[in-house]
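These notes are about the structure you will find just below.
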Amino acid sequence: MFKQFELLVARCDAINQIKMERALEAMNEAGRRMLSMLPVLLHYHHPHLPGYVSGEVPCGIANFQPDAAQRKFLFTQCGHTAEPEVNECCLSAVYTMGSTSSIGQSTVSDLDIWICHDPALSAERRALLEQKCQFLSRLA
């Protein structure tokens with residue numbers, strides 16, 4: 001039974017990878033850059049990264065590991081030779097929704113993003129996360 005589940009997960013991952021590749025192909029360079037850096041901007045909370053909000057902003061995406069391009073961006077932006085520290089993972093997932101990765105995706109499409117967070121976050125911390133997301137939305 002577990003082998004079947006692993007196979008289904010692998011198939012879903014493969015389909016999602018194809019969808020992401022198609023979405024990136026349909027976007028202009030700025031869209032591709034924003035979509036690929038969005039997980040970094042949500043995972044790390046650093047004053048040198050776009051979208052920084054002062055305060056205890058929820059960050060840290062569970063099981064997220066930046067790829068080589070994302071690490072290079074981090075080092076360039078933050079001026080470090082090591083990744084900034086993430087003390088907690090308040091975000092369980094980040095999903096693209098809507099036309100992203102569908103046949104409706106085009107160079108003028110927007111990005112519809114769902115951010116799943118720890119339901120135990122205080123109202124104050126949720127408001128800070130919303131503020132950060134608004135900054136990132138304007139940036140995008």
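The values are calculated or read from the model by the stated rules, or taken from the named source; none is laboratory data. This structure is a prediction, so every number in the text was calculated from the model and none was measured. Glycine gets a Cβ as well: all are built from the backbone with ideal geometry, and neighbour counts include every protein chain shown.
Assessment of the stretch 33-51 against the conditions (in contact with a Leu (Cβ under 6 Å, 6 or more places away or on another chain), modelled with pLDDT of 90 or more and not aliphatic (A, V, I, L, M)) yields at least one matching residue. The residues on offer are Ala26, Ala14, Ala30, Ala68, and the sole one that is over 23 Å from Ala120 (Cα atoms), surrounded by 13 or more Cβ atoms within 10 Å (Cβ to Cβ) and small (Gly, Ala, Ser) is Ala26. Taking the stretch 21-50 as the search range and keeping residues that are aliphatic (A, V, I, L, M) and over 27 Å from Glu88 (Cβ atoms), which one is farthest from the chain's Cα centre (by Cα)? That would be Ala26. For residues in the stretch 79-98 being over 22 Å from Glu130 (Cα atoms) and either touching a Pro at 6+ places or on another chain (Cβ under 6 Å) or at pLDDT below 75 (or both), which is surrounded by the most Cβ atoms within 10 Å (Cβ to Cβ)? Taking the candidates together, the pick is His80. Any chance the stretch 90-102 includes a residue that's among the β-branched types (Val, Ile, Thr) and without any contact (Cβ under 8 Å) to a residue 40 or more places away in the chain? No - not one qualifying residue is present in the stretch 90-102. Going by what's in this entry, would Leu49 be described as surrounded by 12 or more Cβ atoms within 10 Å (Cβ to Cβ) and under 19 Å from Trp114 (Cα atoms)? Answer is no for this residue.
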